[in-house]
Amino acid sequence: VIYLDYNATAPTRPEALAAVVDAMHYVGNASSIHLPGQSAAQRVDSARRQVAELLNCSPGEIIFTSGATEANNLALRAAHSSGRRLVTSNVEHPAVLETARDLTADQPGSLILLEVDADGLVDLAALENALGHGDIGLVSLMAANNETGVLTDLAPVVTAAHAVGALVHTDATQMVGRLPIDLADLDVDLLSLSAHKFGGPQGIGALFVRRTASIPFRPQVTGGGQERGWRAGTLNVPGIAGVGAAAAAVHRSLAEETARIGRLRDLLEHAVSASIDGYRVNGHRVARLPGVSSITFPGAPADAVMAAMPHVAVSDGSACASGAPSPSHVLLAMGINRHDADCTLRFSLGYATTEDHIMQAADATAHAVKLVRASMDACT
Ligand code: PMP
């Protein structure tokens, strides 16, 4: 199988696998004061340092969660204050969009959804406009889009939001481990990440909460007060060791990986352009993650193309979280029509992708697209 679905989940890095297995041998509960408990606590501390090093923040600003969905919930539910408005965009992941809708359900008008342009970029003028109109408590904009890889230029967002006293959260799930993030420089108040997008285990993630920001303390999971009260529950020591090891591995190799993966993505797009007539790459060509290519093949429904190349693991343009596909809200928001959205494949590359994978995937895609188009023609 040629695996090009890193935005769904990345293969586990060997360093993360080794750390998870090693941590499974710890017998203590990280909250116990006896020696085995303290060994587990030290393992957690060292993983917290590894994650903090990747983001250039302080270890005390990292709260471990079960993933980015929980981190986004924790961030929005803590930072949104009832009565104030919440600004986000209409291309966010459902973990932000649905949480924002839930939080503002009984306050019509208090949710402001910014639109994106045809390149998938959030309209900064619309943000400025929204900020100028009233009582904004929180701005939540994703660092990189999961379907197109399009990046948000967060620095001006932070400046504009802070100028009116609003907090800033970013869902950086697709950015962490793919491009450098320096939280000493980027002044967001809250940031979500998920280990399995950069080679750590599934079911573990973190929320960065800036120490100097005044974020109201509002845990979602209450109980024994772990994670300084932000997230109760016995710590998932193997998961935490795994995210730490993945963060350390990525930290060592990020610059080299980013450049290599960017070249492979360009090679893929070049190979597709050479062998398939009628295709379009979606999203801004420059402000984009290095490893993502969202490509529309008009007239070739993505589910049929994927079925014709089962050995190539890519993703279609539908947001299909629970088995009920619906056209991608991200592509529709970029002005792509429903039919073309259904004819879109997302290729997402990562640390273990090779040139050979790319050439084979491009060949298989060309073959599958031609086959599907021919069968569609035969039906009409
Ligand atoms: N946000 C974004 C942008 C994502 O891509 C994902 C994963 N698809 C999530 C949040 C949810 O992450 P998790 O799987 O850790 O809950």
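Can you work out the Karplus-derived ³J(HN,Hα) for every residue in the stretch 338-353? Use 6.51 cos²θ - 1.76 cosθ + 1.60 with θ = phi - 60°, whole Hz, and x for glycine or proline.
Using θ = phi - 60°, the values come out as 4, 5, 5, 4, 6, 9, 10, 10, 10, 9, 10, 9, x, 4, 9, 6 Hz.
GNM, the chain, Cα, under 10 Å: largest mean-square fluctuation among Val286, Val209, Val51?
For the chain, modelled as a Gaussian network with Cα springs under 10 Å, the answer is Val286.
What is the extension gain from Asp117 to Asp266, computed as 0.36 nm multiplied by their sequence separation minus the C-alpha to C-alpha distance, in nm to one decimal? Could the numbers behind the result be given before it?
On the way: separation 149, 0.36 × 149 = 53.64 nm, distance 2.29 nm.
Full extension of this stretch gives 51.3 nm more.
Among Ala130, Ala75, Ala105, which residue has its Cα positioned farthest towards the positive end of the charge dipole of the stretch 14-249, with +1 placed on the Cβ of Lys and Arg, -1 on the Cβ of Asp and Glu, and the dipole taken about the Cα centre?
Ala75
Give the value in nm², to one decimal: projected area of the alpha carbon convex hull of the stretch 242-380, averaged over all directions. Walk me through the numbers on the way to the answer.
Details: hull surface 38.7 nm².
Its Cα hull, projected and averaged over all orientations, spans 9.7 nm².
Quick check: residue separation of Met359 and Asp182 times 0.36 nm, minus the Cα distance between them. What number comes out in nm? Mind showing how you got there, number by number?
Details: separation 177, 0.36 × 177 = 63.72 nm, distance 3.42 nm.
Gain in length upon complete extension: 60.3 nm.
To the nearest 0.05, how large is the calculated FRET efficiency for Glu53 and Arg101 if R₀ is 35 Å and r is the Cβ-Cβ distance? Don't jump to the answer; show the numbers that get you there.
Details: r = 35 Å, r/R0 = 1.01.
Efficiency, from the Cβ-Cβ distance: 0.50.
Order by neighbour count: Met309, Met376, Met142, Met24, fewest other Cβ atoms within 10 Å first, most last. Intermediate results must be reported in sequence, preceding the final value.
Values: Met309 22, Met376 13, Met142 27, Met24 10.
Starting with the residue having the fewest Cβ neighbours, the order is Met24, Met376, Met309, Met142.
Beta carbons within 10 angstrom, averaged per residue: use that to sort the peptides 267-278, 172-183, highest first.
Numbers: 267-278: 15.7, 172-183: 23.8.
Final packing ranking: 172-183, 267-278.
Neighbouring Cβ atoms within 10 Å as the yardstick, rank Asp171, Asp187, Asp5 fewest first. Mind showing how you got there, number by number?
Numbers: Asp171 30, Asp187 16, Asp5 19.
Going from least to most buried by this count: Asp187, Asp5, Asp171.
Go through the stretch 190-195 residue by residue and turn each phi into a ³J(HN,Hα) via Karplus (6.51, -1.76, 1.60, θ = phi - 60°); whole Hz please, and just put x for glycine and proline.
Per residue, the Karplus-derived 3J(HN,Hα) values read 9, 8, 9, 9, 9, 5 Hz.
Rounded to the nearest 500, what is the 222 nm mean residue ellipticity of the chain from helices alone, with -39500 (n - 2.57) per DSSP H run of 4+ residues and division by all residues?
On the way: 11 runs with 154 residues, N = 380.
After summing the helix terms and dividing by residue count, I get -13000 deg cm²/dmol.
Apply the a/c threshold of 1.5 to the C-alpha gyration tensor of the chain and tell me whether it is rounded, prolate or oblate.
Working: a/c = 2.04, a/b = 1.30, b/c = 1.57.
Note, shape of the chain comes out oblate.
Can you tell me, using C-alpha contacts under 8 Å and at least 6 residues apart, the relative contact order of the chain as a whole percent? Don't skip to the end; give the middle numbers.
Values: 788 pairs, mean separation 86.9, N = 380.
RCO, the chain: 23 percent.
Only the coordinates and a few stated rules stand behind these numbers; no lab work does. Treat the numbers as computed from the prediction; the structure is a model and nothing was measured. So basically every Cβ, Gly included, is an ideal-geometry build from the backbone, and we count neighbours across all protein chains shown.
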